[in-house]
Amino acid sequence: MSEALLRATGLRLAFGGVRAADGIDLDVMKGEFLAIIGPNGAGKTTFINMTTGYLKPNAGEIAYEGRRITGLSPRAIVKLGIARSFQLPQLFLEHTVEQNVALAVAARMGIWSPLAPLLRPSHRDEARDILARFGLTAIADSRADALNEGARKLADIAMAVALKPRLLLMDEPTSGVAASEKMTIVETLVNVLRDAKVTAVFVEHDMDVVERFADRVAVWSQGRIAALGPPAEVLADPAVQREVIGIERHPTKEAPHA
Amino acid sequence: MKRIEPILALALAGAIIAAAVAAPWLRFVLTIALAKGIAVMGILLLLRAGQVSFGHALYIAFGAYTVAFLAPRVGDAVVLLPLAALGAGALGLLIGLFVTRYRQIFFGMLNLAMSMVFYSLLEKLYHFTKGSDGIRVEIMPVAGQALDRIAYEWTIFGIALGLAFALGLLLRLYLASPMGEALAGIKTRETRLEFMGVPARGVLLSAYVLSAMVGGLGGALIALTSRHVTPLLAYWTSSGELVFIAILGGAGGVLGPFLGATAYELIRVYAAASFADAWQMILGASLLLVILFAPGGVWGMAARAVGGRGR
């Protein structure tokens, strides 16, 4: 766990007057589960967006396996082995869950075959295998626009996993999921990711989830990393409790994109 | 439904052949319907991505004029058809590189603009195109065989029917392939494609080039059948007609364009013969009825009649 898979140095990005990243240095270690917590609007999603090439930082750089990836397109970055999931699941709504995942499999294997079916045996088997690991077999044939929020979240992540990434960035994997389902979903997720030996970064608001599943926690506050370390240590810090957990107890302003 | 589709296709082909044999004057109408059906498959392809082209008559006209220009030099329908398709495909690639940057209304209107530019060129370059007089296409040999008029018309009819079948089958495979399903993904979640490493524009461009090729092919068949090409082929109303047929037929399956085109041409012929002044009103009313009561088009109605669903 000593080797950095992803290394961000001096990352800066401002939207108007808001500094989403104000000199971020952050290493993601190979094999770890790193949780990013912090108040809404702190810049957590911005970090995912910068890492996946959706946003370009004003300054600083991100290196993946020692290679600079700032300035590359989302497409090029996916090909290097970095996938993401979304806070608001981005599914192909008119396709079934199985087709959604098979499309991700095809995206990895090469989609430029105009005559062989998407659901050819190899793609279908792999899609079904992934759905089985996520416990989604029962809804494989449901249309994506007919799912509940928990299933949608999992299907969204299943698509990212089908890309066989080495680094997976998840934006609030448990937000919108019913509290009763939450732990089961995260448990499933963690098992799948451990089996696939995927390094994961996840933005999270639920401290129980963080405490139980993260190897390390980074506290993102006003564009800076206010604290970084094992969950037990970081979450016990009074300053962190005041700044992050305190705010979480008053969920008055829930911005759709934190 | 998918399994019944080939049977329905055979039934439709049988009905078309029977009608063409029973009423020789219908042969012309039905050949045109098949040609338009082939072109409308291109509209269907773009509709999969949620995009409507209001300018695809451009490719019909391009294919038709390719035949008209090259007929005196090449003079064989079997050579002219692939030339028209390839030429239209090349033009589609050129224009597609530009228009596939845009979506929705901008995509539709840019296509319209392109087709109107082509229309103006056909009108104004009288020296080459004979302007609105158009160009006559003589009866030509097919695969080296010199034919009399009747045999020629039957042969073009047969080629149109054969192409409709072959291309319908290919389109069906294409739509179920990763490229086709990614195309449908553009309609609902284009950005997700990019985050999966799939170039959405490339997917749309491929479909656009294919749609231009079938447009060119349809246009070439129209030129070989009507044996007279005019700039009106590229006029915006002709593009509108293609979208009209696509909606009339239904976008659910590859049979839709052919059901739509046959229905369209037959309604037009019979309405024009029975109510000369009101045929456009009758066409409009039929489309209105289809949109109100059968949003899946003729294909959707057929699908429901045999107990499946349109898609």
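The values are calculated or read from the model by the stated rules, or taken from the named source; none is laboratory data. Since the model is a prediction, treat every value here as computed from it, not as a measurement. Counting neighbours? That spans all protein chains shown, and the Cβs are built from the backbone with ideal geometry, glycine included.
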Does A:Gly10 fit the bill of being of a type in the set (Gly, Ala, Ser), in a loop (DSSP other than H, G, I, E, B) and surrounded by fewer than 17 Cβ atoms within 10 Å (Cβ to Cβ)?
no
Between a residue in segment B:165-176 that is basic (Lys, Arg) and any residue that is in a helix (DSSP H, G or I), which pairs come within a Cβ distance under 8 Å, given they are 6 or more apart or on different chains?
B:Arg172/B:Glu5
All positions within segment A:219-258 that are among the aliphatic types (A, V, I, L, M), touching a helix residue (DSSP H, G or I) at 6+ places or on another chain (Cβ under 8 Å) and at pLDDT 80 or above:
A:Val219, A:Ala226, A:Ala227, A:Leu228, A:Ala232, A:Val234, A:Leu235, A:Val240
For segment B:1-43, how many residues are assigned to a helix (DSSP H, G or I), over 16 Å from the mean Cα position of the chain (by Cα) and basic (Lys, Arg)?
1
Only one of B:Leu58, B:Leu30, B:Leu47 is crowded, with 20+ Cβ neighbours inside 10 Å, within 27 Å of B:Ala143 (Cα to Cα) and touching a residue at least 12 places away in the same chain (Cβ under 8 Å); which?
B:Leu30
Give me a count of the residues in segment A:19-57 that are touching a residue at least 60 places away in the same chain (Cβ under 8 Å) and either at positive phi or outside any loop (DSSP other than H, G, I, E, B) (or both).
24
Taking the condition of being touching a residue at least 40 places away in the same chain (Cβ under 8 Å) and within 24 Å of A:Met109 (Cα to Cα), how many residues in segment A:153-188 meet it?
17
Identify all residues within segment A:149-160 that are touching a Leu at 6+ places or on another chain (Cβ under 7 Å) and either assigned to a loop (DSSP other than H, G, I, E, B) or within 14 Å of chain B (Cβ to nearest Cβ) (or both); write none if there are none.
A:Arg152, A:Ala155, A:Asp156, A:Ile157, A:Ala158, A:Ala160
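Considering B:Gly284, B:Gly240, which residue is surrounded by fewer than 19 Cβ atoms within 10 Å (Cβ to Cβ), under 14 Å from the mean Cα position of the chain (by Cα) and farther than 23 Å from B:Arg27 by Cβ?
B:Gly240
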Of B:Gly180, B:Gly218, B:Gly240, which residue is in contact (Cβ under 8 Å) with a residue 24 or more places away in the chain, of a type outside the set (A, V, I, L, M) and either closer than 30 Å to A:Ile48 by Cβ or within 13 Å of chain A (Cβ to nearest Cβ) (or both)?
B:Gly180
Output yes when any residue across segment B:144-162 is under 15 Å from the mean Cα position of the chain (by Cα), of a type in the set (Phe, Trp, Tyr) and either within 15 Å of B:Gly37 (Cβ to Cβ) or more than 14 Å from chain A (Cβ to nearest Cβ) (or both), and no when none is.
no
Applying the selection to segment A:81-134, what residues are within 16 Å of the chain's Cα centre (by Cα), more than 8 Å from every other protein chain (Cβ to nearest Cβ) and either charged (D, E, K, R) or not in a loop (DSSP other than H, G, I, E, B) (or both)?
A:Ile82
When every residue in segment B:150-208 that is touching a Pro at 6+ places or on another chain (Cβ under 7 Å) and either assigned to a helix (DSSP H, G or I) or among the acidic types (Asp, Glu) (or both) is compared, the one surrounded by the most Cβ atoms within 10 Å (Cβ to Cβ) is B:Phe195
Can you tell which of B:Gly92, B:Gly75 is within 30 Å of B:Glu138 (Cβ to Cβ), crowded, with 23+ Cβ neighbours inside 10 Å, of a type outside the set (Phe, Trp, Tyr) and out of contact with any Ser or Thr (no Cβ under 6 Å at 6 or more places or on another chain)?
B:Gly92
Is it true that B:Gly75 is touching a residue at least 40 places away in the same chain (Cβ under 8 Å), over 12 Å from B:Gly216 (Cβ atoms), within 20 Å of the chain's Cα centre (by Cα) and part of a loop (DSSP other than H, G, I, E, B)?
no
Any idea which residue in segment B:93-143 is farthest from B:Gly75 (Cα to Cα), counting only those that are charged (D, E, K, R) and without any contact (Cβ under 8 Å) to a residue 24 or more places away in the chain?
B:Lys124
Residues located in segment B:209-238, provided they are in a loop (DSSP other than H, G, I, E, B) and either in contact with an Asp or Glu (Cβ under 8 Å, 6 or more places away or on another chain) or acidic (Asp, Glu) (or both):
B:Arg227, B:Thr230
From the residues in segment A:136-148 that are in contact (Cβ under 8 Å) with a residue 40 or more places away in the chain and surrounded by fewer than 17 Cβ atoms within 10 Å (Cβ to Cβ), which one is nearest to the other protein chains (Cβ to nearest Cβ)?
A:Asp145
Filter segment B:191-206 down to residues that are under 9 Å from A:Arg75 (Cα atoms) and either facing another protein chain (nearest Cβ under 7 Å) or among the basic types (Lys, Arg) (or both), then give me how many there are.
6
Can you tell me how many residues within segment B:113-147 are surrounded by fewer than 19 Cβ atoms within 10 Å (Cβ to Cβ), modelled with pLDDT of 90 or more and of a type in the set (A, V, I, L, M, F, W, C)?
4
Is there a residue being free of Cβ contacts under 8 Å to residues at least 12 places away in the same chain and in a helix (DSSP H, G or I) anywhere in segment B:248-257?
no
Against the condition more than 10 Å from chain B (Cβ to nearest Cβ), part of a loop (DSSP other than H, G, I, E, B) and either of a type in the set (Gly, Ala, Ser) or over 19 Å from B:Arg192 (Cα atoms) (or both), how does A:Gly71 come out, does it pass?
yes
Of the criteria (1) in contact with a helix residue (DSSP H, G or I) (Cβ under 8 Å, 6 or more places away or on another chain); (2) closer than 17 Å to B:Gly42 by Cβ; (3) at pLDDT below 95, which one B:Gly63 fails:
(3)
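Are any of the residues in segment B:44-62 within 30 Å of A:His95 (Cα to Cα), in a helix (DSSP H, G or I), in contact with a Gly (Cβ under 6 Å, 6 or more places away or on another chain) and among the β-branched types (Val, Ile, Thr)?
No; the residues of segment B:44-62 include none that is within 30 Å of A:His95 (Cα to Cα), in a helix (DSSP H, G or I), in contact with a Gly (Cβ under 6 Å, 6 or more places away or on another chain) and among the β-branched types (Val, Ile, Thr).
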Flag for A:Ala83 being touching a residue at least 60 places away in the same chain (Cβ under 8 Å), surrounded by 15 or more Cβ atoms within 10 Å (Cβ to Cβ) and more than 17 Å from B:Thr188 (Cβ to Cβ)
yes
